[in-house]
Amino acid sequence: MKSGRFFPFVIAAIIGGLTIFIVKSSVPSEGSTDARFAMAINDLAEKLDQYEGKSVRVQGTIVEGSVYAEKDEFDIYFELSHEDGQKVKVHYTKHLPDPFKEGRSAIAEGVIKDGIIQCTALTVKCPSKYKREDLSEDDYDRYKNENPEHFKDSPEPGVE
């Protein structure tokens with residue numbers, strides 16, 4: 001028997017083994033703290049003790065008056081709230097993102113420890129600099145006509 005006949009089987013076995021390895025390593029195992037639960041704040045607040053030690057990802061509004069520093073500017077505590085008023089406490093120990101401001105929408109990712117999200121990744125959404133959501137189309141057009149200098153970098157519609 002020639003050894004050349006086994007070569008395709010060896011290649012297929014290697015490819016199959018690599019495929020299984022990649023799939024298994026990309027899916028977190030049960031009980032792993034790498035499993036990230038994306039959820040609403042109200043759901044997390046109701047079952048906070050069930051997520052102790054688990055990674056979570058929540059989005060909410062930074063509560064006015066809730067931001068304070070414990071030891072220094074890299075030891076920040078604040079609360080995120082859901083539109084129904086429920087809140088969760090967040091602890092962040094890195095440099096705050098530039099758009100961080102009370103009242104803005106933020107996404108916090110981290111592990112729950114003692115009922116507080118120990119945040120490892122914080123994303124703060126910036127309000128749109130092109131159009132305010134609370135302006136009607138007429139108000140927006142009026143503002144744009146009265147303040148053309150605010151729009152000089154944006155191309156005119158239909159012009160490329």
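Observations
- In this structure, residue 130 does not qualify as among the hydroxyl-bearing types (Ser, Thr, Tyr) and modelled with pLDDT of 85 or more.
- Breaking point among (1) at pLDDT 90 or above; (2) on the phi < 0 side of the Ramachandran plot, for residue 49: (1)
- Residues located in segment 90-119, provided they are within 12 Å of residue 59 (Cα to Cα) and among the basic types (Lys, Arg): 104
- Top-ranked residue of segment 64-110 - restricted to ones that are over 20 Å from residue 45 (Cβ atoms), part of a loop (DSSP other than H, G, I, E, B) and hydrophobic (A, V, I, L, M, F, W, C), ranked as farthest from the chain's Cα centre (by Cα): 74
- Each residue in segment 87-101 was checked for being at pLDDT 90 or above and out of contact with any Phe, Trp or Tyr (no Cβ under 8 Å at 6 or more places or on another chain), and 2 of them qualify.
- Matching residues, segment 48-91, being of a type in the set (Val, Ile, Thr) and farther than 16 Å from residue 105 by Cα: 56, 76
The values are calculated or read from the model by the stated rules, or taken from the named source; none is laboratory data. Everything numeric here is computed off the predicted structure, so don't read it as measured data. Glycine also receives a Cβ, built like all others from the backbone with ideal geometry; neighbour counts cover every protein chain displayed.
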